[in-house]
1. Going by the structure shown, is residue 380 open to solvent by 10 Å² or more (accessible area, probe 1.4 Å), part of a helix (DSSP H, G or I) and closer than 23 Å to residue 266 by Cα?
2. Being more than 17 Å from the chain's Cα centre (by Cα) and assigned to a helix (DSSP H, G or I) is the filter here, so list the residues in region 337-346 that pass it.
3. Identify all residues within region 399-428 that are touching an Asp or Glu at 6+ places or on another chain (Cβ under 9 Å) and among the aliphatic types (A, V, I, L, M); write none if there are none.
4. Taking helices (runs of 4 or more DSSP H) that do not extend beyond region 551-658, which have at least 3 residues that are farther than 20 Å from residue 352 by Cβ and among the polar types (S, T, N, Q)?
5. Give 621, 644, 625 a once-over and let me know the one that is surrounded by 23 or more Cβ atoms within 10 Å (Cβ to Cβ) and within 26 Å of residue 344 (Cα to Cα).
6. Of the residues that sit in region 93-134 and are modelled with pLDDT under 95, of a type in the set (D, E, K, R) and surrounded by fewer than 17 Cβ atoms within 10 Å (Cβ to Cβ), which one is farthest from the chain's Cα centre (by Cα)?
7. Checking residue 15 against (1) open to solvent by 60 Å² or more (accessible area, probe 1.4 Å); (2) modelled with pLDDT of 95 or more, which test does it fail?
8. Sort out which residues of region 780-836 are closer than 16 Å to residue 563 by Cβ and open to solvent by 40 Å² or more (accessible area, probe 1.4 Å), and write them in order of number.
Amino acid sequence: MASEADYRLPRNVLPSHYDIALEPDLAAASSRGSVRIDLDIVEPTSIIELHAIELELRSATVSQGGAYFRGSVVLDEDSETATLAFDTELSSGAAVLVIDFAGILNDDLRGFYRSVFTDDDGNEQTIATTQFEATDARRAFPCWDEPDFKATFRTTLIVDEGLSAVTNAGEIARTVLDSGKVEIRFDTTMKMSTYLVAFVVGQLVATDPVDVDGVPLRIIAPPGNEHLTEFALDMGAHALRFFCDYYDIPYPGDKLDMVAIPDFAFGAMENLGCITYRETALLLNPDTATQAELTRVADVIAHEIAHMWFGDLVTMKWWNGIWLNEAFATFAEIKCVDAYKPEWNRWLSFSAMRAISQEIDALASTRPIEFEVKSPSDANAMFDVLTYQKGSSVLRMLERYIGEEAFRTGINGYLKKHAYGNTDTPDLWAALEAASGEPVGQIMDTWIFQGGYPRLNVEQVADTFRVTQEHFRLIGEGDGTWQVPVLYSSSDGDGKVIVGEEPVTIEAADDLIVNAGGEGFYRVGYSQELLSGVVDRLTDLDPIERYGIVSDAYAAVVKGDTPASSYLELVAGLSDEDEVDVWSIALAGVAGLDRVISSDDRPVMQQYVREVVSGKVEELGWTVGDDESDRRRQMRGLLLRTFGNLGADQDTIDTALQMYRSDEPVDAEVADAALMIVAANSDADLFDELIDKSKNATNPQHTVKYLRAATQVPDPASAERMFHMVLDGQIRTQDSFWVLALLIGHRENGPMIWKLIEENWDNVINTMPHANKRGFIHQIPHRSEPDVAASIAAWFEDHTIPGGARAIAQELELLRANVGLREREETRMGAAIRELLAR
């Protein structure tokens, strides 16, 4: 069995500086270049080993003490390394390695790759761009491609005249060569890891720079998107200022370009000074964008700029610590956006991230936030909801427990102490302990180094409350225990306590709330008597506490501890709710039950939905009032969509079609709701219309919006056509995984789509970029029909997805949980709903 050592380079030769010269040929999808690397040879050696793959190393020469030594080159594709052998032993001390090489611009959205778009004249244009995290800088130039081999970088790009070129640092010179090409030289970066190097070359346009306290900020994008940059510039300027202040450290680069790439596997990438984005994560028109679209762009911009310090300036030593980067940046993005738009109530909507990760983390197939990483495949598998959403949630829980100022002081001390260096998890705990005086390491190690989370069970004993913990699992039982930092409140006041293996006694008034503030990464199980009191006081709780009560209630239904009827009764009591996020979590549970109720009883479920939301829908209507908040507009869109689709209200469906066909300006939330209602109740003709609108959209948000709507068209032939559009490349590879996922999750068409996937398995897997391959199975848990679920489980007995073994296990376990839910509730839910409606 391979070990970490099989994928790590020896430490006998250390790089300190790279001079990279690259000449990409966009038409030929190739590149050639050279790299000059300043080395420190720690001990005499005749062998130098570094990383390289998808490269031809044409020559390798070391100069040392005035002498030159030419090495032979052996490439190892399995270990992604190049071994340079020299006839003479190299002495310890300084040396310079020069390698001439050639490479490709691949189509896999990693390394140095091609991205294409069609310009306003109908011509296809090619961009050469990069995505190096986790281990793909080695696909662009030979290097020591591990995060703790930090060095400085100076890049030169040779490009065709008329093309733009950007990299991590600012341009310092350009020269027109005899060939007519342009040589552009860039300044030297700070000391950083190879995965943060970036270069982008192509037909691009840049906004005029905005001076953000001395840092020039630009948005760079394919031509025709200039009108979609204003929001990103404003958010980017806010984030730069916010984090300079929050970290108490100046921005570590000399400029900041945010670059929109038409083909991009992730949401964005935190390359120092040259952040690259999927177009929908950067470009939008605020006048036509929904709240979800605005929030996503703001979040992603804040996330990537947070990384300039936490991740770029200070970096994990090895990929087992990637959560240090991603969890903190996710936590920090919410903090930054909350300061940008307090009225968005971003910490409340962050609850959805916590809920998503709690679903996965309630499985036996979960993993610790931090675990051993051996290979590049292991590193890439770390980029999931447990790293991002769970990691950020437990950091927020910790901040709430030790206090915001102590947390910030600890973070600042951590960054200043380790600037330009690499760290492990205990380094962060030590800084937070020093700032807070709390046993942070003792608490947090129980959350970082084991998977899962607890449910705290609360019961009243005389005049006090007894709190115990159990390992919460959707299926079966677990044996984990945690040091749980608990905040609680009652009319007697607020308090905090650590709940460990032994029961804890809390003295409080009868209106006790455990998980006060709603941001603990655990569930709460009140005794039946206490729960009745909590539900009676539900409207008196903070919205984030209501969110937690509803989320915990649905989890108990899926586990089988509570009947669905109890959950539906709880949701029925929310008919006057005024927070969109509480409605969202409540209706997500109803939708989950709708997927398992018998077809004969579905009409009564639809009646239930109409009863629950009709009052609020009538109150909100279809027209936006004067001075309405963004979140109220968002709530209108959610409830109209629910009324039309989950509630199957024909008047709403008819009105939605009128809105969709209208040429009059419509509020973005209403327009989005109308689109999704119409799509879910349409036919093949509308499918064609949606695909045409997606292809011809001039706004990336609209391109995706219409494509997403097309997945919801119930016509089976249209769904099959869309499946084949993924395979034949009509849908961008960056979007292939989520399109397939939504098709699999469709109530009527999902089983057929899964059969098509089985029949075309190799083509499906090869269609998607390496980083996205496991993403298309995320809605498999919706296929809880016993025969379909059995077919899926049988399929994965002898089929796998590259880098997706753990994801497969998790999705299959969630599928089993939903099959169990269907077995319990499919036939009994209808009668329970009828009884509820008759009250």
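The values are calculated or read from the model by the stated rules, or taken from the named source; none is laboratory data. Just so you know, these numbers come straight off a predicted model, no measurement behind them. Heads up, the Cβs are rebuilt from the backbone with ideal geometry, glycines too, and the neighbour counts pull from every protein chain shown. Ligands, DNA and RNA are stripped out before the accessible areas are found, and what is left, the full protein with its side chains, is counted by its heavy atoms. Shrake-Rupley method; radii C 1.70, N 1.55, O 1.52, S 1.80 Å.
1. Details: open to solvent by 10 Å² or more (accessible area, probe 1.4 Å): yes; part of a helix (DSSP H, G or I): yes; closer than 23 Å to residue 266 by Cα: yes.
Against the criterion (open to solvent by 10 Å² or more (accessible area, probe 1.4 Å), part of a helix (DSSP H, G or I) and closer than 23 Å to residue 266 by Cα), residue 380 qualifies.
2. Initial filter on region 337-346 (more than 17 Å from the chain's Cα centre (by Cα)): 338-345.
Scanning region 337-346 gives 338, 339, 340, 342, 343, 344.
3. 402, 406, 415
4. Where helices (runs of 4 or more DSSP H) fall fully within region 551-658 and carry at least 3 residues being farther than 20 Å from residue 352 by Cβ and among the polar types (S, T, N, Q), they are 602-620.
5. Values: 621 fails: surrounded by 23 or more Cβ atoms within 10 Å (Cβ to Cβ); 625 fails: surrounded by 23 or more Cβ atoms within 10 Å (Cβ to Cβ).
That would be 644, the only listed residue that is surrounded by 23 or more Cβ atoms within 10 Å (Cβ to Cβ) and within 26 Å of residue 344 (Cα to Cα).
6. Looking at the filtered set, the residue picked out is 121.
7. Looking at each condition in turn, residue 15 falls short on (1).
8. 823, 824, 826, 827, 828, 831, 834, 835
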